[in-house]
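The values are calculated or read from the model by the stated rules, or taken from the named source; none is laboratory data. Treat the numbers as computed from the prediction; the structure is a model and nothing was measured. For neighbour counting, all protein chains shown are included, and Cβ atoms are generated from backbone atoms with ideal geometry for every residue, glycine included. Calculation scope for accessible area: heavy atoms of the full protein, side chains included, ligands and nucleic acids excluded. Shrake-Rupley method; radii C 1.70, N 1.55, O 1.52, S 1.80 Å.
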Amino acid sequence: MTRPGLPRIDLGQINSVVRLEMKKILFARRGIWIYVLALLPLVLFTAYDFQASREQARRRQIANQSQRPLTYQDLLTVKSGMTNQEVIALLGRPALNFHWREQRAQGPDSFTDVAHERYHYSDGSNDLFVELSDGKVTDANIQTGNSLGEDSIVFASVFQFFYLRLAIFFGCLGIFMNLFRGEILDKSLHFYFLSPIRREALMIGKFLAGLLATCAIFLTSEFLQIAVFLWHFSPTVRDLYLYHNHGLEDSAAYLGVTALACLGYGAFFLVAGMLFRNPILPAAAILIWEAVNPFLPTLLKQFSIIYYLKSLCPVNIPSPPGTPPLLSLLISNSDPVAAPVAILGVFIMATLALYVSSLQVRRMEINYTSE
Amino acid sequence: MNDQILFENVSKFYGEILGVNRVNLSIPRGITSLVGPNGSGKTTLMNLMTGLIRPTRGRIQVLGCRTDEPEKLFRILGYSTQFDSFPKGLTGYQFIYSYLRVGGRDSQDAEQLAWQAIERVNLAEAATRKIAGYSKGMRQRIRLAQALCHDPRVLVLDEPLNGLDPLARSEMIALFRAAAEQGCHVIISSHILHEVDMISDQVVLLSTGYVVAEGQIQSVRQEILEHPAQILIRCNRPRDLAAKMMESGHTIEVRIHNDERGLLIKTRDADGFYLMLNQMAVNGIDIESVAPADDDVNSVYEYLIGNEEVVR
């Protein structure tokens with residue numbers, strides 16, 4: 001009764017599994033927290049972007065109210081000890097001028113009046129606050145606006161310490177661990193096990209679905225984060241960064257590291273979901289292993305995903321002066337590997353994990369009552 | 001032996017708990033019923049046969065196919081399980097269609113086969129509704145459609161009539177019979193003995209993980225020597241016949257029917273008894289009918305296993 005000419009191409013079967021699983025993963029109600037995790041840095045950068053844009057608008061307004069257009073070099077010319085006339089001669093009348101009087105005690109019954117002033121200038125990007133007492137400059141303080149250099153370090157920190165180590169890590173945990181474990185708990189895995197499909201093909205299909213879903217979620221978020229991060233800078237600064245200062249390469253590296261993280265962590269959590277009934281234990285073990293990676297000997301470091309991913313991160317985060325040595329070790333990448341080695345490393349780790357998964361999936365039995 | 005389902009010394013233990021032990025079976029074409037009380041090992045035997053679980057010991061082959069090769073096994077086998085869970089969010093049609101697509105069918109083929117299977121189980125009207133909203137009987141039918149949809153040579157059906165109304169039951173039984181007549185191996189587990197009796201070509205009786213008996217029901221009955229055969233005879237002079245039977249020595253117990261038109265005889269030598277009966281007929285007793293009264297599954301089950309948890 002079997003029909004002749006049955007298709008034997010596993011790729012078609014894998015494709016069917018991917019389509020079914022993608023739908024399940026992307027629209028699962030229990031996976032909403034993964035979207036929240038992925039979008040959290042985006043919300044953070046959007047809020048920062050909003051605040052930075054407001055600040056910039058305010059500076060531009062002050063610059064426009066100045067008697068004449070100022071440059072950053074103009075702002076640097078004001079020194080302590082100058083008179084107010086000299087300042088006004090250099091920069092023109094300030095756009096904002098606060099003044100107040102102070103009665104300063106000279107003796108038990110005598111006071112003198114001190115006249116205070118604060119001039120606020122701006123070149124449109126930076127603020128200059130000039131403090132004057134009795135018509136003489138006591139302090140000239142320049143507050144620089146948003147600098148792409150500083151902001152890129154903030155971006156790199158958020159990426160490495162939140163996005164990579166927490167958001168993608170736990171996102172992959174939630175998706176890949178449930179590929180088999182979730183269906184065992186739902187008692188629906190037999191749907192696949194009753195199909196004429198190689199168990200390995202099923203495993204690959206599920207893994208690819210997980211990888212596509214995590215990449216779609218985390219790459220989209222990462223792309224938007226980069227876009228929002230650059231949004232409040234002027235087009236000139238953006239162009240300079242993107243096309244003349246490795247900006248495009250850095251953005252591509254962030255996206256690449258995100259995809260590799262999904263691949264590496266995904267493969268690990270897939271096998272963990274098959275080997276362990278309780279996902280908390282392997283998740284905690286992997287999290288601790290990844291966290292202590294900087295303190296491990298080089299040989300052991302090679303058996304973790306974060307070791308390779310850190311080497312691929314485009315911006316090194318400098319340790320601020322006075323950082324404790326242990327924390328400093330955690331921040332810096334003391335033992336980086338070359339990019340091709342790092343990429344190969346993640347692929348080898350993922351392949352090993354998938355090989356163990358393929359052995360495990362062949363041994364799996366449907367025995368829901370024991371779960 | 002490529003047209004049989006073979007169990008060779010198969011045992012399955014769940015840790016220290018026995019599933020089935022030392023099962024040696026050879027299941028031919030036709031409808032074979034697995035009969036036994038809860039926990040006797042019926043579902044374990046089916047799960048072993050379909051590779052959902054692996055034997056602790058022994059070897060299983062389904063028409064020459066190993067059970068650890070699902071890519072080959074499920075091209076010839078369809079299994080309707082007792083698991084009442086489905087992938088979330090699917091309609092009945094999508095469930096069957098997806099199953100066929102995962103199995104490697106192209107879109108057009110899968111669509112056609114899915115609708116054919118749905119129509120075979122009379123679920124066409126509800127096919128575009130979500131399975132989550134189905135009744136128990138509808139869920140049973142969609143599982144049957146899944147097992148049937150790729151026209152398998154072996155159909156394994158775990159309690160397939162559960163939850164079905166009488167009309168649906170008879171339709172499904174007709175479906176199984178038709179499959180068996182086309183040369184399929186149909187393996188059914190059931191608690192309901194009168195249905196098993198009605199549809200089975202052979203039975204496998206299970207008790208506490210062991211196969212107690214297997215084969216055609218009449219052959220199984222003949223092998224149960226400790227229980228005498230019971231024969232119901234309708235005739236015009238039951239008392240005369242009873243007296244002659246007792247004299248002959250082939251009979252150990254006789255009961256006259258209340259209407260004085262028949263009698264129930266118990267004998268340990270059924271062959272000798274039938275020879276004797278022919279002579280009686282010649283000697284003027286008018287015998288209307290002779291029928292074995294206990295060669296059905298119900299009696300065999302009761303003799304071998306007892307009557308625990310069985311619906312008659």
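Quick look at the numbers
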read-out	value
Selected from B:Pro28, B:Gly133, B:Gln82, residue furthest toward positive end of dipole (chain B; charges at beta carbon)	B:Gly133
Interface burial for A against B (accessible surface, 1.4 Å probe, total of both chains, Å², rounded to 100)	3400
Selected from A:Leu39, A:Leu148, A:Leu173 as most flexible by GNM, with chain A as the system and alpha-carbon contacts under 10 Å	A:Leu148
Overall form of the stretch B:229-293 per C-alpha gyration tensor (a/c, 1.5; a/b vs b/c)	rounded
Listed residues A:Leu128, A:Leu11, A:Asn293: farthest to the positive end of the dipole of the protein assembly as shown (Cβ charges)	A:Leu128
Highest-MSF residue in chain A out of A:Met177, A:Met349, A:Met82 [GNM, Cα springs under 10 Å]	A:Met82
Shielding by partners, peptide A:184-194 (average Cβ within 10 angstrom, other chains)	6
Of A:Lys23/A:Lys187; B:Lys12/B:Lys136; A:Lys23/B:Lys130; B:Lys42/B:Lys130; B:Lys42/B:Lys88, those spanning more than 21 Å from alpha-carbon to alpha-carbon	B:Lys12/B:Lys136; B:Lys42/B:Lys130; B:Lys42/B:Lys88
Protein-protein interface of the stretch B:151-188, residues with accessible area decrease of at least 10 Å², isolated chain reference, 1.4 Å probe	B:Asp151, B:Arg153, B:Gln182, B:Cys184
Occluded residues from the stretch B:74-95, i.e. those whose accessible area drops by 40 Å² or more once the chain is not alone (1.4 Å probe)	B:Phe74, B:Arg75, B:Phe83, B:Ser85, B:Pro87, B:Lys88
Histogram of C-alpha separations across the protein assembly as shown, 10 Å bin width, %	3, 12, 16, 15, 12, 11, 9, 6, 5, 4, 3, 2, 1, 1, 0, 0
For the stretch A:66-143, projected area of the alpha-carbon convex hull averaged over all directions, nm²	5.2
Lys, Arg +1 and Asp, Glu -1 on Cβ, resulting dipole of the stretch B:229-293 about Cα centre, debye, nearest 20	100
Alpha-carbon centroid distance for the pair the stretch B:52-109 / the stretch B:6-36, whole angstrom	20
Distant-in-sequence amide H partners of B:Asn236 (H built 1.01 Å from N, under 5 Å)	B:Asp286, B:Glu288
Long-range HN-HN contacts of B:Gly19 with modeled amide H, under 5 Å	B:Lys12, B:Phe13, B:Tyr14
Estimated Rh, chain A: Kirkwood, alpha-carbon pairs, angstrom	24.9
Within a Gaussian network of chain B (alpha carbon springs, distance under 10 Å), most fluctuating of B:Leu263, B:Leu48, B:Leu206	B:Leu263
The stretch A:13-112: chymotrypsin sites (Phe, Trp or Tyr not before Pro) in DSSP coil with no more than 12 other Cβ atoms inside 10 Å	A:Phe27
Rounded to 5, the percent of DSSP beta bridges in the stretch B:5-221 classed as antiparallel	50
A:Asn278-A:Arg58 FRET efficiency (beta carbon distance; Förster radius 60 Å; 0.05 resolution)	0.65
Accessible-area composition of the protein assembly as shown, carbon plus sulfur, in percent [1.4 Å probe]	57
Mean Cβ count within 10 Å, highest first, over the residues of peptides B:163-171, B:23-31	B:23-31, B:163-171
Within straight-line cross-link reach of A:Lys136, aspartates and glutamates at Cα separation under 16 Å, skipping those fewer than 8 residues along the same chain	A:Glu86, A:Glu102, A:Asp113, A:Glu117
